Amino acid sequence: MSSGSEPADRSPRKRPGLSAEVGGREKKRFGRRAKGEPAIGSETEPGDPGRRIQIGIGGGAGMDVKRAGGSRKRRRNMWIGAGVLAVIVVTFLLSRLEPAAPSVDRDIQLFGTVERGSFVREVRGPGTLVPEQIVYVAALTGGRVEQVFVQPGETVTDTTVLVVLSNPDVELQALQAQQQLTQARATLITLDQSLQTSILQQESTVATAEADYQAAQREADAFRELVENQTVSRNEASSAIEQANAAKVRVDAERGRLELMRSSVDTQLQVQREQIARLQSIVQQQQRRVESMQVMSGAGGVIQDLSLEVGQYVQAGTTLARVAQPGRLKAELRIPETQARDVQIGQPVVIDTRNDSIAGAVRRVDPNVQNGSVLVEVRLTEELPPGARPDLSVDGTIELERLQDVLFVDRPAYGQANSSVSLFKVVGDGGEAVRVTVQLGRSSVNEIEVVEGLQEGDVIILSDLSRVADADRIRIR
């Protein structure tokens, strides 16, 4: 090692053989060093940043000096290890934590409070107002529409002509029926004359037979006297007596034929009279068909339906119009079949017409189910409001029963009668709700009985919370 001042030239001094070896080994081991950085194996002398001390060991070979950066690397590795350990610990702690409770918006939820008191069971269903008495006017015979005199909504009497039809075939059939009736009457007259003539002829025959009998009888009597006087032979007398007996038999036969003819006259005439009566009925029916082409209402009231056009052809039996009495209406409600089992005749009903309410009572419950509902007929017990009219859509509420001292709550979105459901009950200051199992009982339109699971004053969420079905606790924000 050398010390002391050197000339102004800052270039390092070189020892023969050492500096070249150290410099080459230094470049080979560490590569290019930064500008101004001292080379390994050299030391800058104090006061002279350009001088380095070359260290040589044994035969001029250089020795590496340990750099001062090793402690910093150890500290860095320690910090990295500590960070990894901290991440592992935090991950483990987070894995042990329970997931955060889902939250719901308070403003869009419906809440209900459990109450105790009088509980009214009701069922509700849609329906319409219909007339108690409706007359359906049908076409007795087919025909072409010639005239239409009224329109729906007009008031008519029982003799008001609604429509006039025409059908030439019907008129022709009526004429033919009248012709057949006339022929039958003529046949009756002819038959009567013929029978009377036959009777007269038979009476004449009877008279002739009786005359022949009387002549034969006189001749036989004469022969009997002559036989006694022995004027004639017995054979001649016997022949005269036999002729008299034959004449007597002929008289009896002709009299019997006359009686038979007289008795059959009435029968034959009665048969023809019955035929005439049938033809008269046919003529009357045909006449009614002709008259029915002037279609009358048949009852007083208001025309409900009449949609015919002039020239339109209608078939026999087609409904042409409906006539209703607007002052006598009833309500027909459609109650779901699952709720109609408790509906009984006489239960009070309130009919809502959207503008007014009408009191009524159940009059009839249809035993059949149609499209999942039961028809309930309601008799209206109050005077009809001005807006009430046939075919008006209404809602009806039927009161089934009134229960006292019952725990009940507003009906939740998914609560059914006599079932067990999971509901969220608000706890604490109202910021959270927990899931509870509630046993429900009898139900009404908007309320349902609570059998167990809730107490009076409890607040529950009525809205559908199926999206948080897996959560046992929710937050209300």
All-but-one check, Ala359 against (1) among the aliphatic types (A, V, I, L, M); (2) at pLDDT 90 or above; (3) within 25 Å of the chain's Cα centre (by Cα), failing number (3)
State all residues of the range 454-476 that are touching a strand residue (DSSP E or B) at 6+ places or on another chain (Cβ under 6 Å) and either among the charged types (D, E, K, R) or closer than 21 Å to Gln404 by Cβ (or both); if no residue qualifies, say none.
Leu454, Glu456, Asp458, Asp472, Arg473, Arg475
From the list Ala174, Ala186, which residue is at negative phi, of a type in the set (Gly, Ala, Ser) and surrounded by fewer than 12 Cβ atoms within 10 Å (Cβ to Cβ)?
Ala186
Enumeration of residues in the range 401-423 that are free of Cβ contacts under 8 Å to residues at least 60 places away in the same chain and in a strand (DSSP E or B)
Ser420, Val421, Ser422, Leu423
Right, Pro152: assigned to a loop (DSSP other than H, G, I, E, B) and either in contact with a Gly (Cβ under 6 Å, 6 or more places away or on another chain) or surrounded by 10 or more Cβ atoms within 10 Å (Cβ to Cβ) (or both) or not?
yes
Looking only at the range 121-140, how many residues end up being among the acidic types (Asp, Glu) and either in the same structural domain as Pro152 (by TED's automatic domain parsing) or assigned to a loop (DSSP other than H, G, I, E, B) (or both)?
1
Given the condition more than 37 Å from the chain's Cα centre (by Cα) and surrounded by fewer than 16 Cβ atoms within 10 Å (Cβ to Cβ), answer yes or no: does some residue in the range 131-144 qualify?
yes
Within the range 387-434, considering residues that are over 30 Å from the mean Cα position of the chain (by Cα) and small (Gly, Ala, Ser), the one farthest from Ser463 (Cα to Cα):
Gly428
Against the conditions (1) part of a helix (DSSP H, G or I); (2) at pLDDT 90 or above; (3) among the polar types (S, T, N, Q), where does Gln147 fall short? Just the number, please.
(1)
Taking the range 381-400 as the region of interest, how many residues are in contact with a Gly (Cβ under 6 Å, 6 or more places away or on another chain), in a strand (DSSP E or B) and surrounded by fewer than 16 Cβ atoms within 10 Å (Cβ to Cβ)?
0
If the requirement is being modelled with pLDDT under 85, over 30 Å from Val145 (Cα atoms) and surrounded by 12 or more Cβ atoms within 10 Å (Cβ to Cβ), which of these qualifies: Ser263, Ser198, Ser238?
Ser238
Has the range 424-432 got any residue that is among the charged types (D, E, K, R), assigned to a strand (DSSP E or B) and surrounded by fewer than 18 Cβ atoms within 10 Å (Cβ to Cβ)?
yes
Can you tell me which residues in the range 433-452 are assigned to a loop (DSSP other than H, G, I, E, B) and either buried (at least 19 other Cβ atoms within 10 Å of the Cβ) or outside the structural domain of Asp470 (by TED's automatic domain parsing) (or both)?
Ser444
Out of all the residues in the range 164-207, which are of a type in the set (A, V, I, L, M) and assigned to a strand (DSSP E or B)?
Val164, Leu165
Test Asp221 against the stated conditions and say whether it is outside the structural domain of Ile303 (by TED's automatic domain parsing) and surrounded by 17 or more Cβ atoms within 10 Å (Cβ to Cβ).
no
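The values are calculated or read from the model by the stated rules, or taken from the named source; none is laboratory data. Keep in mind it's a predicted model, so treat the numbers as computed, not measured. Neighbour counts are summed over all protein chains in view; Cβ atoms, including those assigned to glycine, are modelled from backbone coordinates with ideal geometry.
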